[in-house]
1. Check whether at least one residue in segment A:23-40 is within 14 Å of chain B (Cβ to nearest Cβ), surrounded by 24 or more Cβ atoms within 10 Å (Cβ to Cβ), within 14 Å of the ligand (Cβ to nearest atom) and not acidic (D, E), and report yes or no.
2. Can you tell me which residues in segment A:156-173 are away from the ligand (no atom under 16 Å from the Cβ), in contact (Cβ under 8 Å) with a residue 24 or more places away in the chain and either out of contact with any helix residue (DSSP H, G or I) (no Cβ under 6 Å at 6 or more places or on another chain) or in a helix (DSSP H, G or I) (or both)?
3. Return the pairs, sorted by first residue and then second, in which the second residue is in a loop (DSSP other than H, G, I, E, B) and basic (K, R), the first residue lies in segment A:1-21 and is within 20 Å of A:G256 (Cα to Cα) and more than 16 Å from the ligand (Cβ to nearest atom), the beta carbons are less than 8 Å apart, and the residues are 6+ apart or on different chains.
4. Which ranges mark the helices (runs of 4 or more DSSP H) fully within segment B:148-243 that have 1 or more residues being in contact with a Pro (Cβ under 8 Å, 6 or more places away or on another chain)?
5. Give the residues of segment A:122-142 that are under 20 Å from the mean Cα position of the chain (by Cα) and either within 16 Å of the ligand (Cβ to nearest atom) or over 25 Å from B:R44 (Cβ atoms) (or both), sorted by residue number.
6. Take residues that are within 14 Å of another protein chain (Cβ to nearest Cβ) and tell me which of the helices (runs of 4 or more DSSP H) falling wholly in segment A:46-125 contain 3 or more.
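Read the figures in this text as sums done on the coordinates, not as results from a lab. Every value quoted in this text rests on a predicted model; they were computed, and no experiment measured them. Note: ideal-geometry Cβ built from the backbone for every residue, glycine included; neighbour counts use all protein chains shown.
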Amino acid sequence: MRIFDPHIHMTSRTTDDYEAMYAAGVRAVVEPSFWLGQPRTSVDSFTDYFDALLGWEPYRAAQFGIQHRCTIALNPKEANDPRCAAVLDVLPRYLAKDRVVAVGEIGYDSMTPEEDEALARQLALAVEFELPVLVHTPHRDKAVGTRRTLDVVRESGIPPERVLVDHLNELTVGLVADSGCWMGFSVYPDTKMSEDRMVRILQEHGTGRKLVNSAADWGRSDPLKTRKTADAMLAGGFDDDAVDEVMWRNPVAFYGQSGRLDLEEVKPDDTALFAGNSIRRGGE
Amino acid sequence: MDPHIRAALDRQLTGDARRWLVDAVVRVSQDLTAVRTVFPAVGRRCGRGPLAAGWTVADAARVRLLAALPLRGAELAEEITALHRYGEPAEQRAVLRSLALLEDADPSFAGLGLPLVREALRGNDTDLIAAALGPYAARHLDQDGYRQAVLKCVFCEIPLDRVAGLDERADRELARMLADFAHERVAAGRDIPADVWPIVRAHAGVLEASGLPAEADSPVPDRRAAAVRALTAYSATAPAGAS
Ligand SMILES: [Zn+2]
């Protein structure tokens, strides 16, 4: 089985996690830029973090046989801090990088005017740089937040097939399905979404345009939730091809729209043991 | 840029890549901020394959973009310093490779790129260290800085033929440092990169003063064997400048 985790914060994981992920079939990940648990107080903390997502983290991942790409953005929480919002001015430099396959995570946290401004500006950047976008939906007041997010996306003029709306649940999946955007689900140990609920959603709404991720961030989370969901899909009657569609082909198709994904080939039945890797730091 | 590299770039770029670069040169020469997003995109637009003399297609294309910047002196230094700051290693390498050319075209640029050279020399990326030690570093590093840079190359196993200016700048003090390094290696029973010998050999008495020859009588077999190998290599080497 080959797995592409389309949303996972590896910065907050250990090398044991990388090892276990590889053993579970994870061969590629996208790490969206987000907050760091502890609030940032300057633009420089962002740029050092972006540099790590483009340099150190792919190097770490490659040592465990996993291909790492990232998305770059000012996250919704910190869009509200005037000390951080100026990072919007340096984003263009980063959005031009080879390993950046989308603008994200953008979206709403508390639906403030500052969040409106950051979301609109970053959607415009996605159009300018011809990149897909990863949109986070708020944890509180989710249905209203999702509806408002979809309105802003529509107004921005970005084609819906270039938008992935994430952290969906039973009550928001239908809205996004109708919009033409891709649908993302973060499967967590005890909140947001479980494996079994995920399987029911896939049975009800189909596998098209659906992506499953483990998010695996600073909260209680599990980087193997993608594999556990794949196993639950098989137990729930889906075949290998449906699992491969959700766990590999859908994320490849979505992020592939950047024109920069450029992954090394992984076979659908890959069960290889990782035997070291000579990928050096920096690439190119 | 070396005319061979320029010609190789023109030969290798075809179709879309060539059109993209021609257009990019126009854009960066007219719009002061364009280079900030054009420069990172060069690898995927023009290709990353090898060109000549250790340069890649992307290196040469990036240097061409920097040469087109409508800036001089301190403003030019500020722009390329920011490209380096926000750059991935491949971008940083191209900035380092551009320095001599930028100074040739604009004498007021002078030593303003030297902090970038020093940063690369402090780091551990051998590719960047080698790129930093082009003709610009040979012109601007002071004698101490230059010697330390050469010694760092030897430690990092960067071939010395990639260091510009060695024929003019290698002095007796550098030869002494390399001979001491060689002695240290021999005392550890290890081998020495062959490219240090021409410099050591060019300065009579330096090897003897290092204490390395006495290692041939060491009671430790590994040290004795390493000394014999080193002395054989030394004797078989023509001194630098004697070719
Ligand atoms: Zn996230």
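1. Just the residues of segment A:23-40 that are within 14 Å of chain B (Cβ to nearest Cβ), to begin with: none.
Checking segment A:23-40: not a single residue is within 14 Å of chain B (Cβ to nearest Cβ), surrounded by 24 or more Cβ atoms within 10 Å (Cβ to Cβ), within 14 Å of the ligand (Cβ to nearest atom) and not acidic (D, E).
2. Answer for segment A:156-173, where residues must be away from the ligand (no atom under 16 Å from the Cβ), in contact (Cβ under 8 Å) with a residue 24 or more places away in the chain and either out of contact with any helix residue (DSSP H, G or I) (no Cβ under 6 Å at 6 or more places or on another chain) or in a helix (DSSP H, G or I) (or both): A:S156, A:G157, A:E161, A:R162, A:E170, A:V173.
3. Between residues of segment A:1-21 that are within 20 Å of A:G256 (Cα to Cα) and more than 16 Å from the ligand (Cβ to nearest atom) and residues that are in a loop (DSSP other than H, G, I, E, B) and basic (K, R), the close pairs are A:R2/A:K267.
4. On the way: elements: B:166-169, B:172-187, B:197-201, B:206-210, B:221-235.
Filter on segment B:148-243 gives B:197-201, B:206-210, B:221-235.
5. We begin by selecting, within segment A:122-142, every residue under 20 Å from the mean Cα position of the chain (by Cα); these are A:122-127, A:129-140, A:142.
Listed by number, the residues that qualify are A:Q122, A:P132, A:V133, A:L134, A:V135, A:H136, A:T137, A:P138, A:H139, A:R140, A:K142.
6. Details: elements: A:56-62, A:82-85, A:91-95.
Where helices (runs of 4 or more DSSP H) fall fully within segment A:46-125 and carry at least 3 residues being within 14 Å of another protein chain (Cβ to nearest Cβ), they are A:56-62, A:91-95.
Okay, residues lined up against (1) surrounded by fewer than 23 Cβ atoms within 10 Å (Cβ to Cβ); (2) within 16 Å of the ligand (Cβ to nearest atom):
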| residue | (1), (2) |
| --- | --- |
| A:W56 | yes, no |
| A:A61 | no, no |
| A:T71 | no, yes |
| A:D81 | yes, no |
| A:A85 | yes, no |
| A:L88 | yes, no |
| A:Y94 | no, no |
| A:K97 | no, no |
| A:V103 | no, yes |
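Yes/no per residue for (1) hydroxyl-bearing (S, T, Y); (2) within 16 Å of the ligand (Cβ to nearest atom); (3) surrounded by fewer than 17 Cβ atoms within 10 Å (Cβ to Cβ):
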residue	(1), (2), (3)
A:C181	no, no, no
A:G184	no, yes, no
A:G259	no, no, yes
A:K267	no, no, yes
